Amino acid sequence: MSYIPTTDADRAAMLRVIGVESVEELFGDVPEALRYPQVKLPRQVSEPEALRELREISEYNVDLDHTPCFLGAGAYRHFVPSVVGHVIGRSEFYTAYTPYQPEISQGTLQIIFEYQSMICALTGMDAANASHYDGATALAEAAVMAVGASRGKRRKVVMSAGVHPEYRAVVRTYTQGAEMAVAGDQDGVSEVSTLAEMVDADTACVVVQNPDFFGHLESPPALRALADAVHAAGALLVVSADPIALGLFAPPGNYGADIVCGEGQALGGGLSFGGPYLGYFACVSKYLHKMAGRIVGQTVDRHGDRGFVLTLSAREQHIRREKASSNICSNEALMALAAAVYMTALGKSGLRRVAELCYHKAHYAATQLSALPGYELLSERPFFKEVSLRCPRPVTEINEYLLDEWGIVGGYDLEQDYPHMANTMLVCVTEMNSKEEIDLLVEALSNVEEEA
Amino acid sequence: MKEPLIYEISSPGRIGVNLPECDVEEAPLPQDLLRQDLALPEVSEVDLIRHYTRLSQLNHGVDKGFYPLGSCTMKYNPKVNEDVARLPGFVHTHPYQAPGTVQGNLFLMYHLQEFLKEISGFSAVSLQPAAGAHGELAGVLMIRAYHESRGDHKRTRMLIPDSAHGTNPASTTMAGYETIKIVSDARGNVSLDDLHAHCDDTVAGLMLTNPNTLGLFEEYVLDIARMIHECGGLLYGDGANLNAIMGIVKPEHLGFDVMHFNLHKTFSTPHGGGGPGAGPVGASDRLAPFLPGPIAVIERVDDICEADEAWDEEGYCYRLRMPESSIGRLKAFYGNFGVCLKAYTYIRMLGATGLRQVSEHAVLNANYLLSRLKDVYPLPYDRACMHEFVLSGSLPGAPGVHTVDIAKRLMDFGFHPPTVYFPLIVPEALMIEPTETESKETLDAFADALIQISREAREDPELLTAAPHVTPVARLDEVGAARTPVLHCLRD
């Protein structure tokens, strides 16, 4: 079963019209000696067999819908309203291609326009694109864009150690052929004042994450001071931000960011083992023409009625080829649709409420956990939904104990990326964690010293 | 048929979701860190659903009708794949869970890697890249890392045929290489003379799409591979057109060193209105150590992965590892896993025989359509095509009609237009890819429409230049949109 509707009679009639005897004749240009190789794949299965096989494979996983989970670190369990799945499950959306023909793609185009509007509202920026692959690639494109904004004259990216370790790795992968330098993060620099001092005439941008990887919230005045220093030196400020946090806390546009990007998975996307996710991306209008990716604009049709089109495509690979701002083509349009539906369902008060719930529950958890003997918070600084907790034992040991004895998926082990942070767990608490779950975690961790 | 913007139906105080009460004592909020306002829409659930449902009805998708968009392989997307991708055991897994708790995911990644290796002939595959262009970037960076690892620093140029996708030169620039254009010959192949003239020790490699974007199999692909290898370069394969050759020939056998797969084209995962896709990359022995990672591997149980967490009774378990000399991570986590699930299911349901039938029928359908149309529309390269073909919209006797007009008029017949004005080497190009999932009746209806349109072009050209006539909006002012960009609807 190959989803092919062609009957034997159809095939014979088609071959007659083409004027060949067999389908094989059509492959005459393929070197004969290499034609029809042996391909060893498992025997094909029927639909019910496939469903059973895949369900059985899925059951080898520990499913977090049935397991209390305190793991975050860039992938978050938030409530996804039912409407999200029902809208993105409409095949008029998911079986369409990139909206190259606007007259029959107004659904996708108008939603991207609305999504761009919501991302601008959330970040305080002037323009947003239709998406990147994820938060990491969005950040890498931001760094490349900052170099482009200097017409390639500035080649240094100053990056905080508080940026997600995998995002920093992706920035390095993207820039390895481009003669760009990345500084700061590997020396452990994350203080905004120190980052500001590192800016020189070769610096294209400074990259910070807020809240940072450890969960800390930076204050708008400190970030404003950083932005002023960065701008005085002729560079750009790039901020990677959790969009749920932006429901409650000051938008980076308020403190002088030039580019704001981040991981949009929390906006209506599932965990899905790391993908597909959503890189959101926005900038101030000054750098609009340097931005990568698809952008939707409003226009009129020949009768003067409002409509939407892909626009400013003179930046893009299909027009500019080797001079394009990026090679990006397919992006994550369906995840952007999910984000738009999510932000619509929650609205201005709902997104703020979700952020408040995360904040309150994370603070409740932090208070309880840090009161346990042997545990303390890494710092006294304000935090949002994640908090770095010093533990009495290595985090890998504790997590094994939590899973085996209590059925809890514990937090992220910070030592794997930050060797000086031994025994430090990044605990994530969202609106999905009930008080009972938090109390269970506290009880479990209180037993670690004796039993783990 | 106008649908207001979501902001235009917003009313203060409405909300589209029911959120829980706070079950813990509330902590004081840090007032100096808070935002003052947030301009998101406020609508009820029923208004939300009606808004997005009405918008969906303004779209054309594969489920609504024929979508012969060349180079994009808009085949039917089996529904069972969607059900698989929604299985809770997959959806509710976190990328940082311990390997022993996600053996199902790792099993699936490992075996999809194995399937793609077997289909392509490559010795290793990484599922990291999130899209075709992302896979291209991986491949070019791998070629760069390979030369650098040998201390060969003089290779600064990437050769790219003039028929190539725009992503090829754009990826080349991102990887720090200079793009050198290679012209096509009169039969639509890469010109061996021009290639020969450019092959020297400054060449890092050649990016080749085969079948190429004219839908033609490169007649001298083995010579091309030999020439590029003899000058010390490597051969990159743009796998966008793999749908033509599954089970017919393995790219590695043709001499390709590295290639990306478009799971959202060949392996039936839906395009989502512009993503998510997935662009795994496969490599021959010498490039395999440079693959982006991590990739899934199978290992004997050791002290890290305990026996009770192993996949099978023999004590093997699946793990994620970085390849030895990896170019690094291309994105956070492990690729577009949800998309990989759908491709895995598709390959399991088709098997080797089914995949070969896919390619045979993709090529049969394209040649049938070509035969029905080539006497009506100019055909720049008159050869048997593979899974797609390129016609010209420059119709004799219709000087005022352009390809864009033909494309827009096709919408009035309920068809999505072909890819237009690409490849760049064919003036007024119409690039048509029917795919294997379309019936003879659909192909005939489409051919009939294009033949009727060619008549209209001569007899009533305004019918074309004013088209489309029955779509939700009429032809849109794209120039005006770019001249005065309106990119959001917020009040300043």
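Of the residues B:254, B:214, B:222, B:263, which single one is over 13 Å from residue B:121 (Cβ atoms), within 13 Å of another protein chain (Cβ to nearest Cβ) and surrounded by fewer than 24 Cβ atoms within 10 Å (Cβ to Cβ)?
One residue alone meets the criteria, B:222.
Residues that are farther than 30 Å from residue B:92 by Cα and either touching a Gly at 6+ places or on another chain (Cβ under 6 Å) or of a type in the set (A, V, I, L, M, F, W, C) (or both): which helices (runs of 4 or more DSSP H) entirely in the stretch A:1-109 hold 1 or more of them?
Counting at least 1 such residues, we get A:8-18.
Only one of these conditions is not met by residue A:137: (1) more than 25 Å from residue A:350 (Cβ to Cβ); (2) without any contact (Cβ under 8 Å) to a residue 12 or more places away in the chain; (3) within 7 Å of chain B (Cβ to nearest Cβ). Which number is it?
The number of the failed condition is (2).
Results for (1) within 21 Å of the chain's Cα centre (by Cα); (2) more than 18 Å from residue A:84 (Cα to Cα); (3) among the hydroxyl-bearing types (Ser, Thr, Tyr), shown as yes or no for each residue.
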| residue | (1), (2), (3) |
| --- | --- |
| A:327 | yes, yes, no |
| A:330 | yes, yes, yes |
| A:336 | yes, no, no |
| A:341 | yes, no, no |
| A:346 | yes, no, no |
| A:356 | no, yes, no |
| A:363 | no, yes, no |
| A:370 | no, yes, yes |
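Of the conditions (1) surrounded by fewer than 23 Cβ atoms within 10 Å (Cβ to Cβ); (2) more than 8 Å from chain A (Cβ to nearest Cβ), residue B:383 satisfies every one except a single condition; which number is it?
The failed condition is (2).
Determine which member of the set A:286, A:290 is closer than 26 Å to residue A:325 by Cα, in contact with a helix residue (DSSP H, G or I) (Cβ under 7 Å, 6 or more places away or on another chain) and of a type in the set (D, E, K, R).
A:290
Only one of (1) touching a residue at least 12 places away in the same chain (Cβ under 8 Å); (2) over 30 Å from residue B:337 (Cα atoms); (3) among the hydrophobic types (A, V, I, L, M, F, W, C); (4) surrounded by fewer than 24 Cβ atoms within 10 Å (Cβ to Cβ) is not met by residue B:124, so which one is it?
Evaluating residue B:124 over (1) touching a residue at least 12 places away in the same chain (Cβ under 8 Å); (2) over 30 Å from residue B:337 (Cα atoms); (3) among the hydrophobic types (A, V, I, L, M, F, W, C); (4) surrounded by fewer than 24 Cβ atoms within 10 Å (Cβ to Cβ) leaves (2) as the failure.
Residue under question is residue A:445, and the condition is that it be more than 12 Å from chain B (Cβ to nearest Cβ), in a helix (DSSP H, G or I), surrounded by 24 or more Cβ atoms within 10 Å (Cβ to Cβ) and in contact with a helix residue (DSSP H, G or I) (Cβ under 9 Å, 6 or more places away or on another chain); does it hold?
yes
If residue B:3 satisfies all but one of (1) buried (at least 16 other Cβ atoms within 10 Å of the Cβ); (2) without any contact (Cβ under 8 Å) to a residue 24 or more places away in the chain; (3) not in a helix (DSSP H, G or I), what's the number of the condition it fails?
(2)
Go through the stretch B:14-68 and give me each residue that's β-branched (Val, Ile, Thr), more than 30 Å from residue B:449 (Cα to Cα) and surrounded by fewer than 16 Cβ atoms within 10 Å (Cβ to Cβ).
Scanning the stretch B:14-68 gives a single hit, B:46.
In the stretch A:143-194, what count of residues is obtained for those that are assigned to a helix (DSSP H, G or I) and either in contact with a Lys or Arg (Cβ under 8 Å, 6 or more places away or on another chain) or among the aromatic types (Phe, Trp, Tyr) (or both)?
Looking only at that region, the number is 12.
From A:352, A:315, grab the single residue that is surrounded by fewer than 24 Cβ atoms within 10 Å (Cβ to Cβ) and within 7 Å of chain B (Cβ to nearest Cβ).
Result: A:352 is the single residue among A:352, A:315 that is surrounded by fewer than 24 Cβ atoms within 10 Å (Cβ to Cβ) and within 7 Å of chain B (Cβ to nearest Cβ).
Looking for something surrounded by 24 or more Cβ atoms within 10 Å (Cβ to Cβ), in a helix (DSSP H, G or I) and away from chain A (no Cβ under 11 Å) - is there at least one such residue anywhere in the stretch B:132-141?
yes
In the stretch B:437-492, which residues are surrounded by fewer than 16 Cβ atoms within 10 Å (Cβ to Cβ), in a helix (DSSP H, G or I), of a type in the set (A, V, I, L, M, F, W, C) and at the interface with chain A (Cβ under 10 Å from one of its Cβ atoms)?
B:479
Could you check, for the stretch B:379-400, whether at least one of its residues is assigned to a helix (DSSP H, G or I), touching a residue at least 60 places away in the same chain (Cβ under 8 Å) and either over 19 Å from residue B:445 (Cβ atoms) or of a type in the set (Lys, Arg) (or both)?
no
So how many residues does the stretch B:447-472 have that are free of Cβ contacts under 8 Å to residues at least 40 places away in the same chain and over 18 Å from residue B:402 (Cβ atoms)?
1
Please determine whether any residue of the stretch A:296-303 is in contact with a Gly (Cβ under 6 Å, 6 or more places away or on another chain), of a type in the set (Val, Ile, Thr) and at the interface with chain B (Cβ under 8 Å from one of its Cβ atoms).
Checked against the condition, which is being in contact with a Gly (Cβ under 6 Å, 6 or more places away or on another chain), of a type in the set (Val, Ile, Thr) and at the interface with chain B (Cβ under 8 Å from one of its Cβ atoms), the stretch A:296-303 yields at least one hit.
State which residue is nearest to the other protein chains (Cβ to nearest Cβ) when the search covers only the stretch B:412-436 and only residues that are part of a loop (DSSP other than H, G, I, E, B) and among the hydrophobic types (A, V, I, L, M, F, W, C).
For the stretch B:412-436, the residue satisfying everything is B:422.
I'm checking my understanding of the structure. Among residues of the stretch B:314-352 that are at positive phi and not hydrophobic (A, V, I, L, M, F, W, C), which one is farthest from the other protein chains (Cβ to nearest Cβ)?
Among them, the one singled out is B:315.
Quick note: the coordinates plus some simple rules give every number you see, no bench work behind them. Please read all numbers here as calculations on a predicted model, not as lab measurements. Quick reminder, even Gly has a Cβ in these numbers, built from the backbone with ideal geometry, and neighbours come from all protein chains shown.
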